[in-house]
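Contents: one structure, followed by commentary.
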Amino acid sequence: MCFEQRSLLSFALNTCNAENPNCHASKLQVQILGSGGPELTINRASSSYLVWLNGKAIVLVDAGGGSSFRYGQSMAEWKDLKTVLFTHFHADHSGDFAAMIKASWFGERQENLPVFGPYGNNFMPSTTEFITALFGHNSGGFKYLSDFYDHKDEIASYRLIPHDIQNSKHTHEIFQDNDINIFALQVQHGPIPAFAYVIKSCNKTLVFSGDTNGIGFENLTLEKTDLFIAHNAIPENAGPIAKSLHMTPTQIGKIAQQLKVEKLILSHRMNRTLGKEFQSTENIKKYFHGTIKFADDLDKY
């Protein structure tokens, strides 16, 4: 194992899967399950993403409203997941998780499933508190599903294993195996504990911004980012409250330039940014000159 907690500040990520012989014929993809935000829309689920490696969905990032339906449409197998990552616990990033766990009863998963997400504060539960509030056998909202978590009778074929990522100024590795390395980067999303994620597999680098006003990314330096999934939730002229929560297009462009991004995917598209794609692109291009795509549900990159 090459796992160790380490800072990402000012140097590139070193990973143990780069020498994996399976990488020579690998196919790494990101699929957008939910490209929308918290609004009720007719064609966009809320935030959710799958990372695919060689035809298997191995990482789920967030599980916003509508994403369980999109998960079914994706034809992904729950048994293939290595881990679940939550950027934060706003409902549009976590609301469908219980539905996914219920659906997994009818699947073939046998291995326990690690779930990573933020620590808690006065506004939000920690990851462990979130899972307990959903599935705890004493008082969980869906305690009838406690077999997947903390019920003494092991009826379910696997258990959820929550991990709280702690409040830290240092970006660090939270998960690794022979195929993938995952690093957590603390970012600012108003008063809500939130994390971005860096995923490395077979010499490719993926970055998921989650919801953030951009503060925190100054602590991350990469030699190259193959795919940056950034949230385009507000226009350039948004008000101060919106800017305390989300990145403007100009900020997205600056971060994409900093991370040496090859392809930028704009997701978490809301009514206030839909129809403003040209203006957003122009502001991003002041700093970033690579490929820009606007995400729709079920797109694969």
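Can you name the residue in the stretch 247-275 that is assigned to a loop (DSSP other than H, G, I, E, B) and touching an Asp or Glu at 6+ places or on another chain (Cβ under 8 Å) and is also nearest to Thr205 (Cα to Cα) among such residues?
Step one: filter the stretch 247-275 for residues assigned to a loop (DSSP other than H, G, I, E, B), giving 247-248, 259-260, 268, 270-275.
Now restrict to residues that are touching an Asp or Glu at 6+ places or on another chain (Cβ under 8 Å): 248, 260, 268, 270-271.
Details: Thr248: 23, Lys260: 11, His268: 21, Met270: 26, Asn271: 30 Å.
Among residues in the stretch 247-275 that are assigned to a loop (DSSP other than H, G, I, E, B) and touching an Asp or Glu at 6+ places or on another chain (Cβ under 8 Å), the one nearest to Thr205 (Cα to Cα) is Lys260.
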Quick check on my filter: what residues within the stretch 68-85 are touching a residue at least 60 places away in the same chain (Cβ under 8 Å) and of a type outside the set (Lys, Arg)?
Gln73, Ser74, Thr83, Leu85
Within the stretch 242-301, count every residue that is acidic (Asp, Glu) and touching a Ser or Thr at 6+ places or on another chain (Cβ under 8 Å).
4
Six or more apart or on different chains, Cβ atoms under 9 Å: show the pairs whose first residue is in the stretch 16-36 and within 17 Å of Gln176 (Cα to Cα) and whose second is assigned to a strand (DSSP E or B) and at pLDDT below 95.
none
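Quick check on my filter: what residues within the stretch 42-65 are in a loop (DSSP other than H, G, I, E, B) and touching a residue at least 40 places away in the same chain (Cβ under 8 Å)? Break it down stepwise before answering.
The first filter runs over the stretch 42-65 and keeps only residues in a loop (DSSP other than H, G, I, E, B), leaving 42-47, 54-55, 62-65.
Matches in the stretch 42-65: Asn43, Arg44, Ala45, Ser46, Ser47, Asp62.
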Consider the stretch 230-246. How many of its residues are free of Cβ contacts under 8 Å to residues at least 40 places away in the same chain, aliphatic (A, V, I, L, M) and assigned to a loop (DSSP other than H, G, I, E, B)?
2
The one condition in (1) touching a helix residue (DSSP H, G or I) at 6+ places or on another chain (Cβ under 9 Å); (2) farther than 16 Å from Ala196 by Cα; (3) surrounded by fewer than 23 Cβ atoms within 10 Å (Cβ to Cβ); (4) of a type outside the set (S, T, N, Q) that Tyr119 fails to fulfil
(2)
Does Leu113 qualify as being in contact (Cβ under 8 Å) with a residue 40 or more places away in the chain, out of contact with any helix residue (DSSP H, G or I) (no Cβ under 6 Å at 6 or more places or on another chain), aliphatic (A, V, I, L, M) and buried (at least 19 other Cβ atoms within 10 Å of the Cβ)?
yes
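I'd like to check something: does the stretch 280-292 contain any residue that is among the basic types (Lys, Arg), surrounded by fewer than 17 Cβ atoms within 10 Å (Cβ to Cβ) and within 23 Å of Glu39 (Cα to Cα)? Break it down stepwise before answering.
Pass one, the stretch 280-292, residues among the basic types (Lys, Arg): 285-286.
Then drop every residue that is not surrounded by fewer than 17 Cβ atoms within 10 Å (Cβ to Cβ), which leaves 285-286.
With within 23 Å of Glu39 (Cα to Cα) added as a condition, the list becomes none.
No.
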Within the stretch 77-87, restricting to residues that are surrounded by fewer than 24 Cβ atoms within 10 Å (Cβ to Cβ) and not aliphatic (A, V, I, L, M), the one that is farthest from Thr128 (Cα to Cα) is Glu77
Just to be sure I understand the filter: pairs with C-beta atoms under 9 Å, separated by 6 or more residues or on different chains, first member in the stretch 268-284 and at pLDDT 95 or above, second member among the acidic types (Asp, Glu) and part of a helix (DSSP H, G or I). Which pairs pass?
His268/Asp92; Arg269/Glu277
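Would you mind stating whether Asn121 is assigned to a loop (DSSP other than H, G, I, E, B), polar (S, T, N, Q) and either within 25 Å of Leu245 (Cβ to Cβ) or within 16 Å of the chain's Cα centre (by Cα) (or both)? Even if it seems obvious, please write down each step before you answer.
Numbers: assigned to a loop (DSSP other than H, G, I, E, B): yes; polar (S, T, N, Q): yes; either within 25 Å of Leu245 (Cβ to Cβ) or within 16 Å of the chain's Cα centre (by Cα) (or both): yes.
Criteria met by Asn121.
The values are calculated or read from the model by the stated rules, or taken from the named source; none is laboratory data. Just so it is clear, the model here is predicted, and its values are computed rather than measured. Quick reminder, even Gly has a Cβ in these numbers, built from the backbone with ideal geometry, and neighbours come from all protein chains shown.
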